[in-house]
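Student: Pasting a structure here, questions to come.
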Amino acid sequence: MIIRNGFVIDPMTGREENADIIVEAGRIVKICPVGQIKNTADKEIDAKGMIVAPGLVDVHVHFRDPGFTYKEDIETGAKAALAGGFTSVVLMANTKPAVDNEETLSYVIEKGKTTDLRIYTCAAVTKGLGGKEMVDVDDLFEKGAVGFTDDGIPIMDAELMRKAMEATAKLNVPISLHEEDPGLITNNGINRGAASEHFGIGGSPREAEITLIERDLQLALETGAVLNIQHISTKEGVELVRKAKNDPRGKNIHAEATPHHFTLTQEAAIKHGTLAKMNPPLREEADRQAIIKGLQDGTIDIIATDHAPHSKEEKEKPITEAPSGIIGLETALSLGVTELVDKNLLTMKELIAAMSTNPAGMYGLEAGSIEEGKAADLVIFAPSESYTVESFLSKSSNSPFVGQTLKGVVHYTIVNGEIVYQK
């Protein structure tokens, strides 16, 4: 394959230039100035006017398989990811049964291999996601888990959390944490403030996130664990991460922001109801701005979707009964282009670093760069082309962005040198 005339952006090497790329046997074999390649190939892509970037990497995804496949399954989730420009994803462990045992872990890994997407999975931190008894971290890591998380369910036992961090630190693998103290929450998914008042409910206060982030950052600094603070939503949380990263012991601290948290506020929950209900909830404009500032200065080094499919029937329930979460794989890149790059809040290279290079680096994946000799996992997209969000390849459609016009259209997703999605 030869990819001609594209503007190649690679945060790993700093490359930002028009170039042609030759791919053979799944690998990038040559990157050279436009027009220098005189020979032809079986497959040729003219990427004129488009950006060629490392395939996107999402380290916070729910494919609901096994147990909830009416919402999504590994096949449909993979198709949605590839359409969004993702070439690698890391799945969360809150399936049914949970990924706390070798059998379920093996099922997910093996089913993932039948798709065109590179699918990795975390294992649970605690058995049955119960927060009481730690899994055999060493064994599950040996069997193929790339990290550990009870995502969706905070771990309230501080001593157990310390032991889990010590165990994952020895393996140098990430532990990813959903930081919300349920004891402080009356109704999850809706910010305590204007949104909860609108619905006449108690909502979720910012303190629920702040207290657990504070506790777990301290534990990570003490244990040396590779810690990922998931889907940060408060300005105080951002500041706590900033302070921890500036600590001499803070080199293993990571934090992720979702596209919905850097794009929307609690006003979207008031407008869209359950379609904008998620944990942690959309908060205030000052929080949104703090998240953007965190992305700008590297405090938040990862953008992850928390792709959380739910059925139409579930989302049509009353605000206190409907599940939290929205899908995000198919709109993430274009939200980044529209809301961050087009508004001069991030450069395109910074956006791609947060959506590819940095998440790949945290998990040690062979991804996130365009270099000779490396796997040809690429996304080719038109940054100035617009589309209106209407339908999805995901099995679910629970998104507050339906009807919005966004910029940044994926034309090709390439995994291991093969075109696996084409517009």
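Student: Choose one answer from Asn246, Asn94, Asn358: the residue with the largest mean-square fluctuation in a GNM of the chain with alpha-carbon springs under 10 Å.
Tutor: Sorting by GNM fluctuation, first place goes to Asn246.
Student: Simple spin-label model, 7 Å along Cα-to-Cβ: Lys343 to Asn5 in nm?
Tutor: A separation of 3.3 nm, rounded to one decimal place.
Student: Build a GNM of the chain with springs between Cα atoms under 10 Å: which of Ala304, Ala286, Ala360 gets the top mean-square fluctuation?
Tutor: Comparing Ala304, Ala286, Ala360 in the GNM, the peak value goes to Ala286.
Student: Okay, next question. Suppose we look only past 20 Å in the calculated P(r) of segment 340-418. What percent of the Cα-Cα pairs does that tail hold? Could the numbers behind the result be given before it?
Tutor: Details: 1472 of 3081 pairs.
Distances greater than 20 Å cover 48 percent of the Cα pairs.
Student: Strictly over 31 Å apart at the Cα level, which of Lys79/Lys277; Lys163/Lys271; Lys163/Lys243; Lys251/Lys395 would you flag in this model?
Tutor: Violating the 31 Å Cα-Cα cut-off are Lys163/Lys271; Lys251/Lys395.
Student: Okay, next question. If one computes P(r) from the Cα atoms of segment 272-352, what percent of pairs lie at distances over 17 Å?
Tutor: Tail fraction, whole percent: 55.
Student: Same structure, new question: In vacuum, with every alpha carbon of segment 21-104 counted as one equal point scatterer, what does the Debye formula give for log10 I(q)/I(0) at q = 0.16, 0.17, 0.19, 0.21 Å⁻¹? Two decimals, please.
Tutor: Relative scattering, expressed as log10 I(q)/I(0), comes to -0.77, -0.81, -0.91, -1.02.
Student: Quick one: Debye curve from the C-alpha atoms of segment 129-270, no solvent, what's log10 I(q)/I(0) at q = 0.14 Å⁻¹?
Tutor: So the normalised log intensities work out to -0.68.
Student: In whole percent, and with a 1.4 Å probe on the protein chains, what portion of the accessible area of the chain is carbon and sulfur? All intermediate terms of the calculation are to be shown ahead of the outcome.
Tutor: On the way: 7570 of 15940 Å².
Of the solvent-accessible surface of the chain, carbon and sulfur hold 47 percent.
Student: Can you give the helix-only mean residue ellipticity at 222 nm for the chain, where every DSSP H stretch with n ≥ 4 adds -39500 (n - 2.57) and the sum goes over all residues, rounded to the nearest 500 deg cm²/dmol?
Tutor: Per the formula, -8000 deg cm²/dmol.
Student: Where the centre of each part is set by its Cα atoms, how far does segment 368-423 sit from segment 251-317, in angstrom?
Tutor: 20
Student: Take the chain, compute every pairwise Cα distance, and split them into 10 Å bins from 0; I just need the percent in each bin.
Tutor: So the P(r) values, bin by bin, are 5, 23, 33, 26, 10, 2, 0.
Student: May I pose another question? I need to check one value: relative contact order of the chain, counting alpha carbon pairs closer than 8 Å and at least 6 residues apart, in percent.
Tutor: Averaging sequence separation for qualifying contacts and normalising by length gives 20 percent for the chain.
Student: Compute the separation of the alpha-carbon centres of segment 69-102 and segment 130-172 and state it in Å as a whole number.
Tutor: 20
Student: Follow-up question, since we're still on this one. What is the Å³ per residue value for the convex hull set by the Cα atoms of segment 202-302?
Tutor: 85
Student: Along the Cα→Cβ direction, 7 angstrom out, place labels at Asn246 and Val34. What is the inter-label distance in nm?
Tutor: 4.3
Student: On a full-extension model of 0.36 nm per residue, what is the gain between Ala158 and Ala286, subtracting their alpha-carbon distance, rounded to one decimal in nm?
Tutor: On the way: separation 128, 0.36 × 128 = 46.08 nm, distance 3.00 nm.
Extra length from Ala158 to Ala286 when fully extended: 43.1 nm.
Student: Considering only protein heavy atoms, what per residue accessible area in square angstrom results for segment 107-243 with a 1.4 angstrom probe?
Tutor: Solvent-accessible surface per residue comes out at 40 Å².
Student: Highest GNM mean-square fluctuation, the chain, Cα pairs closer than 10 Å: which of Phe381, Phe392, Phe86?
Tutor: Phe392
Student: Suppose each label sits 7 Å from its Cα in the direction of the beta carbon; what would the Tyr387-Glu366 distance come out to in nanometres?
Tutor: It works out to 3.0 nm between the two label points.
Student: Mind grabbing the accessible area of Met161 for me, 1.4 Å probe, Å², rounded to tens?
Tutor: 0
Student: Turning to a different aspect of this structure: First measure r as the distance between the Cβ atoms of Ile419 and Lys132, then evaluate 1/(1 + (r/R0)^6) with R0 = 35 Å and state the FRET efficiency to the nearest 0.05.
Tutor: With a Förster radius of 35 Å, E is 0.15.
Student: Which lysines, on any chain, are close to Lys48 with Cα under 21 Å apart, when same-chain ones fewer than 8 places away are left out?
Tutor: Counting by Cα, and skipping residues close in sequence, Lys48 has these lysines nearby: Lys30, Lys38, Lys349, Lys407, Lys423.
Student: A further question on this structure: In µm²/s, what is D for segment 21-165 at 20 °C and 1.002 mPa s, where D = kT/(6 pi eta Rh) by Stokes-Einstein and Rh is the Kirkwood radius from Cα pairs? Show your work: numbers first, answer last.
Tutor: On the way: Rh = 17.4 Å.
The calculation lands on 123 µm²/s.
The values are calculated or read from the model by the stated rules, or taken from the named source; none is laboratory data. Remember, it's a predicted structure, so these values are computed and weren't measured experimentally. No Cβ is skipped: glycine too gets one built from the backbone with ideal geometry, and neighbour counts run over all protein chains shown. Side chains are part of the model used for accessible areas, which takes the heavy atoms of the whole protein and leaves out ligands, DNA and RNA. Shrake-Rupley method; radii C 1.70, N 1.55, O 1.52, S 1.80 Å.
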